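The values are calculated or read from the model by the stated rules, or taken from the named source; none is laboratory data. Quantities reported herein were computed from a predicted structural model and do not represent experimental measurements. Note: ideal-geometry Cβ built from the backbone for every residue, glycine included; neighbour counts use all protein chains shown.
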Amino acid sequence: MQRFLIVNPRAGTDSPSSEELIDAARARGISVHVLEEADDLPNVARAADADVLGMAGGDGSLAAVANVAVEQHVAFVCIPFGTRNHFARDVGLDRDDPIGALAAFDEGEERRVDVARANDRLFLNNVSLGIYARLVHRREHHRRRRDALARLRALALTVQDRGRQQHFTIDGEHVRAQLVLVANNSYTFDLFSLGERERLDEGKLHLYIPHGLRRVTWEERSCTELEIEATQPRLRTAVDGEPEELHAPIRFRIEPRGLRLLVPPAPEPE
């Protein structure tokens with residue numbers, strides 16, 4: 001069985017180092033590709049011709065490789081090696097133990113989990129439009145200019161925008177909102193803080209729209225398909241936390257149990 005792991009050495013994890021993770025993977029007999037700046041991640045994954053595809057990186061990188069796993073009908077392994085690792089958290093992995101997650105390659109238990117798409121773009125967690133998407137795009141703009149204060153500047157600019165609402169048409173209904181979020185399965189929320197998902201196999205998209213400033217309440221609805229239109233031909237979005245411009249209208253759909261996910265076996269009870 002061909003097992004293949006792609007490692008993003010520039011992901012947000014400091015401990016363990018990428019070298020330690022790579023050595024541990026190779027010691028298990030796993031083929032490893034260390035991602036370089038010039039690499040096209042989906043093409044690297046497609047060329048692997050593997051029975052099991054793994055990705056060590058953040059949520060955006062995980063989604064790109066998971067998409068190839070779905071295309072090729074092969075199993076997928078998530079190695080938490082990014083900054084936030086929301087998908088790994090919701091799967092139940094220890095986000096502080098990427099080396100331990102390598103056990104999924106050897107004795108992994110298969111779980112079928114949902115994936116979702118915005119147009120053809122696969123996402124594992126969520127897609128946001130409005131204030132958070134603007135923050136992500138501004139942060140990326142400053143990062144590319146190698147601005148050391150990128151995150152702080154982006155946050156300051158977004159706070160200035162806080163009272164500005166954007167116009168959307170959601171399934172034919174006109175909506176004014178600062179933020180629209182479409183999620184793969186249901187999240188818990190605390191004000192603007194994104195919580196966890198109890199399930200990844202519900203087979204539902206969840207739409208969230210906050211109302212109010214001081215006392216925020218969340219409008220929520222669930223569905224299997226959704227369309228969002230706006231006045232612009234392209235919409236700035238944050239897809240699994242990564243900046244992306246998508247053609248409008250954006251058509252969302254859920255693919256129930258579309259991903260064959262391998263997870264490490266549960267620890268033996270003491």
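Taking region 1-40 as the range and being assigned to a helix (DSSP H, G or I), surrounded by 13 or more Cβ atoms within 10 Å (Cβ to Cβ) and of a type outside the set (Val, Ile, Thr) as the test, the residues that pass are SER18, LEU21, ASP23, ALA24, ALA25. Of all the listed residues (THR188, THR217, THR169), the sole one being more than 23 Å from LEU62 (Cβ to Cβ), at pLDDT below 95 and either of a type in the set (Ser, Thr, Tyr) or assigned by TED's automatic domain parsing to the domain that holds ALA66 (or both) is THR217.
The residue that is surrounded by the fewest Cβ atoms within 10 Å (Cβ to Cβ), counting only those in region 58-79 that are without any contact (Cβ under 8 Å) to a residue 60 or more places away in the chain and in contact with a Leu (Cβ under 8 Å, 6 or more places away or on another chain), is GLN72. Residues in region 191-208 that are in a strand (DSSP E or B), among the aliphatic types (A, V, I, L, M) and modelled with pLDDT of 95 or more: LEU205, LEU207.
Applying the criterion of being more than 17 Å from the chain's Cα centre (by Cα) and not β-branched (Val, Ile, Thr) to the residues of region 46-57, the residue that is surrounded by the fewest Cβ atoms within 10 Å (Cβ to Cβ) is ASP49. Counting the residues of region 77-123 that are touching a Cys at 6+ places or on another chain (Cβ under 9 Å) and farther than 17 Å from PRO264 by Cα gives 0.
When the residues of region 240-255 are filtered to those that are under 19 Å from GLU196 (Cα atoms) and part of a strand (DSSP E or B), the one that is modelled with the highest pLDDT is ILE254.
Candidates in region 112-132 are the residues that are more than 15 Å from the chain's Cα centre (by Cα) and either free of Cβ contacts under 8 Å to residues at least 60 places away in the same chain or assigned by TED's automatic domain parsing to the domain that holds GLY60 (or both); of these, the one that is surrounded by the fewest Cβ atoms within 10 Å (Cβ to Cβ) is ILE131. Scanning region 88-142 for residues that are of a type in the set (Asp, Glu) and assigned to a loop (DSSP other than H, G, I, E, B) turns up ASP94, ASP96, ASP97, ASP120. A residue that is closer than 14 Å to PRO80 by Cβ and either in the same structural domain as ASP90 (by TED's automatic domain parsing) or touching a residue at least 12 places away in the same chain (Cβ under 8 Å) (or both) cannot be found anywhere in region 35-52.
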